[in-house]
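Asker: Let me begin by handing over the structure; questions about it come next.
The values are calculated or read from the model by the stated rules, or taken from the named source; none is laboratory data. Source: prediction; values computed, not measured. As a convention, Cβ positions derive from the backbone with ideal geometry for all residues, glycine included, and neighbour counts pool all protein chains shown.
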Amino acid sequence: MHGQNCLGYEYAYGAGVFNLKKALQPGLVYEEVAEKFIDYYMGSGILYSSLNLPYFSATFPLGTEEKWVCHFPRKLKSVEKGRTTYTADVVVRATNLDLPLQSIKIEVRPKKLVFENFGDEQKFLLDVHVPHTKKKESFGIISGYLKWTKEAGNEDDVKIVVDSPIILSSMDMSSISLEGLPLR
């Protein structure tokens, strides 16, 4: 999975291929209550960015002079007994924009999460910085993933890796009028 550098590969695998053995011991889960989804879909003031989803997806403006910044607050819950530590790694896999991959900054804060016991929750923030796209005029995709890896406490520990896809797509803002649209 992680050896592939195909554009939009995250659309194909999502949060991963189903593996029954791994499903029995996921390590961490993103948890959200149904009421929050209902409030979001009913237009009750819940913003998409506030949902605790197991992936990161947003649309950035194409053809602007300013860099684009987006923040994704998330919360992970431990479903393991005892103290566990997970370390984050972000990989920007591919883009079809005429930008060097190194110019796209995706960072996690904090990079390390420590869970004291089963049910413990920890928050983190994924920050995305895309340089200006003034000279870009076509649709663009930035594709990658966030990987949380459990640090081994002893040789009996099962290696656990929690993947979360990152999909960023562009929109040409020059032809869009925001006049008359309600702003929140």
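Asker: Condition first: among the hydroxyl-bearing types (Ser, Thr, Tyr), within 11 Å of Thr149 (Cα to Cα) and within 20 Å of the chain's Cα centre (by Cα). Now tell me which residues in the range 74-94 satisfy that.
Answerer: Filtering the range 74-94 down to residues among the hydroxyl-bearing types (Ser, Thr, Tyr) leaves 78, 84-87.
With the extra rule that they be within 11 Å of Thr149 (Cα to Cα), the set shrinks to 84-87.
Hits for the range 74-94 are Thr85, Tyr86, Thr87.
Every residue, every condition in (1) more than 21 Å from Leu51 (Cβ to Cβ); (2) out of contact with any strand residue (DSSP E or B) (no Cβ under 6 Å at 6 or more places or on another chain); (3) surrounded by 13 or more Cβ atoms within 10 Å (Cβ to Cβ), yes or no:
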site	(1), (2), (3)
Trp68	no, no, yes
Phe72	no, no, yes
Tyr86	yes, no, yes
Val91	yes, no, yes
Gln122	no, no, yes
His129	yes, no, yes
His132	yes, yes, yes
Ile142	no, no, yes
Tyr145	no, no, yes
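Asker: Now for a separate question. Please give the strands (runs of 3 or more DSSP E) falling wholly within the range 64-150 in which 1 or more residues are under 25 Å from Val161 (Cα atoms) and modelled with pLDDT under 95. Outline the logic, then answer.
Answerer: Details: elements: 68-78, 84-95, 105-109, 112-115, 121-130, 141-150.
Where strands (runs of 3 or more DSSP E) fall fully within the range 64-150 and carry at least 1 residues being under 25 Å from Val161 (Cα atoms) and modelled with pLDDT under 95, they are 68-78, 84-95, 105-109, 121-130, 141-150.
Asker: Quick one: in the range 151-175, of everything that is in a loop (DSSP other than H, G, I, E, B) and within 26 Å of Leu53 (Cβ to Cβ), which residue is modelled with the lowest pLDDT?
Answerer: To start, the set of residues in the range 151-175 that are in a loop (DSSP other than H, G, I, E, B) comprises 151-160.
Retained after the next criterion (residues that are within 26 Å of Leu53 (Cβ to Cβ)): 151, 158-160.
Working: Glu151: 90, Val158: 74, Lys159: 83, Ile160: 88.
If we take residues in the range 151-175 being in a loop (DSSP other than H, G, I, E, B) and within 26 Å of Leu53 (Cβ to Cβ), then Val158 is modelled with the lowest pLDDT.
Asker: Is there any pair with a first residue in the range 88-112 that is closer than 20 Å to Lys67 by Cβ and a second that is among the charged types (D, E, K, R) whose Cβ atoms are under 6 Å apart and which are 6 or more apart or on different chains, and what are they?
Answerer: Leu97/Lys136; Glu107/Asp127
Asker: Here's something else I'd like to know. Leu97: more than 19 Å from Ala152 (Cα to Cα), of a type outside the set (Lys, Arg) and surrounded by fewer than 17 Cβ atoms within 10 Å (Cβ to Cβ), yes or no? Give the derivation first.
Answerer: Values: more than 19 Å from Ala152 (Cα to Cα): yes; of a type outside the set (Lys, Arg): yes; surrounded by fewer than 17 Cβ atoms within 10 Å (Cβ to Cβ): no.
When the stated conditions are applied, Leu97 does not pass them.
Asker: Where in the range 1-57 are there helices (runs of 4 or more DSSP H), lying wholly inside it, with at least 2 residues that are modelled with pLDDT of 70 or more and either among the β-branched types (Val, Ile, Thr) or surrounded by 11 or more Cβ atoms within 10 Å (Cβ to Cβ) (or both)? Show your work before the answer.
Answerer: Values: elements: 9-13, 20-24, 34-41.
Fully inside the range 1-57 and qualifying: 34-41.
Asker: Here is a follow-up. Starting from the range 158-174, keep only residues that are within 17 Å of Val29 (Cβ to Cβ), then list their pairs with residues that are modelled with pLDDT of 90 or more and among the β-branched types (Val, Ile, Thr) whose Cβ atoms are within a distance under 7 Å, requiring at least 6 positions of separation or different chains.
Answerer: Here the result reads Val161/Thr149, each pair linking the range 158-174 to a residue that is modelled with pLDDT of 90 or more and among the β-branched types (Val, Ile, Thr).
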